[in-house]
Amino acid sequence: MSEWERMVSGEIYYPGDEELWKARCRAKALCRQYNDAPPEDDKARDEILHQLLGSVGKDCWIEPTFRCDYGVNITVGDYFFANYDCIFLDIAPITIGNNVMIAPRVCLYTAGHPISASVRNTGLEFGAPITIGDNVWIGGGVTVCPGVTIGAGSIIAAGSVVTRDVPPGVVAGGNPCRVLRPITEADEARWQSRRLAYETETGKAPWQTPQT
């Protein structure tokens, strides 16, 4: 196996490998282009994002600044939005579904290091994938650790450190992150009522995305 193959499969690997170094330099250059693009030039930024990431869905938007290790290991679905200053360390695959909203300064870390200091000091490391389901909202300043899956429709409260899987359809928060409560039909009814009131009062309907 090459060092790249070892890295993306979760095996221990050496990040100083020339192929990996070149891939990181490519991602850094594209991140710099993305972050420095004129704020009004949506087309240029979209083109850069399609070069940087492994797969990009419809109407994807990431506010600068944005940083990642490789980019090609990141897959995002339709109607994805990430706010300012997010960092995605994509040593292993990061897979993000449709209609996902990510607040400022969220960090997705797939990278890990050996517990043994003597092995860690050699520079060897490993990674574990992160998966985020459809319709997830991640609050500001959240850290998601290697190997975590966040289930569809869940909300992660601001400032949380997510060290283990979060089931679908819940509000979770804290350090370490834990389930606080389910998202209920009463929640849906309350927010649909507020949406209807908005449309009635303003005479307009907000922009909508398909629900999955």
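A short reminder: the numbers here are calculations on the coordinates, not readings from a lab. Keep in mind it's a predicted model, so treat the numbers as computed, not measured. Cβ atoms come from the backbone with ideal geometry, glycine included; neighbour counts cover every protein chain shown.
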Taking 0.36 nm per intervening residue step and subtracting the Cα-Cα distance, what contour gain separates Glu5 from Val171 on full extension? 56.2 nm
Hey, which aspartates and glutamates would be in cross-link range of Lys43, C-alpha to C-alpha under 12 Å, not counting anything within fewer than 8 residues on its own chain? Asp59
Over the chain, what is the relative contact order in whole percent, taking alpha-carbon pairs under 8 Å and six or more residues apart? 13
Let me have the 222 nm mean residue ellipticity of the chain computed from DSSP H runs of 4+ only, each contributing -39500 (n - 2.57), with the sum over all residues rounded to the nearest 500. -8500 deg cm²/dmol
Relative to the longest principal axis of the chain, what angle (0 to 90°, nearest 10) does the C-alpha long axis of helix 42-52 take? 40
Within the chain, what's the longest run with no trypsin sites (Lys or Arg not before Pro) in a DSSP loop and at most 14 other beta-carbon atoms within 10 Å? Give the range, please. 59-163
Would you indicate which of [x] 12.2; [y] 10.8; [z] 13.3 is the value of mean projected area of the Cα convex hull in nm² derived from the coordinates of this structure? [z]
